[in-house]
């Protein structure tokens with residue numbers, strides 16, 4: 001049965017619907033502005049309370065299905081390219097918000113999806129013939145990383161494993177082909193902490 005939140009119908013049968021439609025049609029359905037992805041943050045933070053209506057398990061299942069649906073979409077890079085602005089404006093912000101979730105599973109899931117998605121977005125620009133991605137033209141992505149994600153990193157890197165490992169993978173994805181992101185990381189003064197985390201992990205593995 002559909003769940004209604006502020007007039008938005010959240011269809012938890014999205015995958016069965018997707019089996020009968022093309023990946024492009026499924027993507028258009030899931031990546032509409034103000035769709036299910038915009039409610040992840042409010043549900044996880046408790047601003048929107050599904051627990052009383054459908055129970056805690058159903059609330060967590062909604063978030064899991066939503067994240068899994070987006071994970072399926074990014075397996076088709078061409079779709080990510082077609083819906084780039086929608087992904088940056090409406091998908092990445094909820095994922096960034098989950099980085100600070102009380103639920104460790106959502107933190108890891110969101111860090112992994114952010115790593116895979118940003119890597120694809122940056123590499124697509126490089127693949128289009130640019131020596132390096134020009135993120136300056138994508139001010140929303142730049143602002144999200146600079147103003148929301150990086151300020152959380154000192155806390156994220158101090159968390160128990162495996163959270164720091166996922167966070168480091170995301171930093172690699174951001175900076176590998178992009179001088180702008182590299183500069184942002186340098187300006188955030190995270191470099192000493194990053195090296196400290198890497199050294200600790202290396203000592204642990206030896």
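Of the residues in region 171-192, how many are part of a loop (DSSP other than H, G, I, E, B) and surrounded by 15 or more Cβ atoms within 10 Å (Cβ to Cβ)?
The initial filter retains those residues of region 171-192 that are part of a loop (DSSP other than H, G, I, E, B), namely 176-178, 188-190.
From what is left, the residues that are surrounded by 15 or more Cβ atoms within 10 Å (Cβ to Cβ) are 176-178, 188, 190.
Count: 5.
Collect the residues in region 44-75 that are in a loop (DSSP other than H, G, I, E, B), surrounded by 13 or more Cβ atoms within 10 Å (Cβ to Cβ) and at pLDDT below 85, keeping them in residue-number order.
Pass one, region 44-75, residues in a loop (DSSP other than H, G, I, E, B): 46-50, 55, 74-75.
So of that shortlist, the ones also surrounded by 13 or more Cβ atoms within 10 Å (Cβ to Cβ) come out as 48, 50, 74.
Across region 44-75, the qualifying residues are 48, 50.
Matching residues to (1) at pLDDT below 90; (2) in a loop (DSSP other than H, G, I, E, B); (3) touching a helix residue (DSSP H, G or I) at 6+ places or on another chain (Cβ under 8 Å):
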| residue | (1), (2), (3) |
| --- | --- |
| 110 | no, no, yes |
| 116 | no, no, yes |
| 121 | yes, no, yes |
| 131 | yes, yes, no |
| 143 | no, no, no |
| 147 | no, no, no |
| 154 | no, no, yes |
| 194 | no, no, yes |
| 202 | yes, no, no |
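The values are calculated or read from the model by the stated rules, or taken from the named source; none is laboratory data. Since we're looking at a predicted model, the values are computed, not measured. Ideal geometry is used to build each Cβ from the backbone, glycine not excepted, and the neighbour counts take in all protein chains shown.
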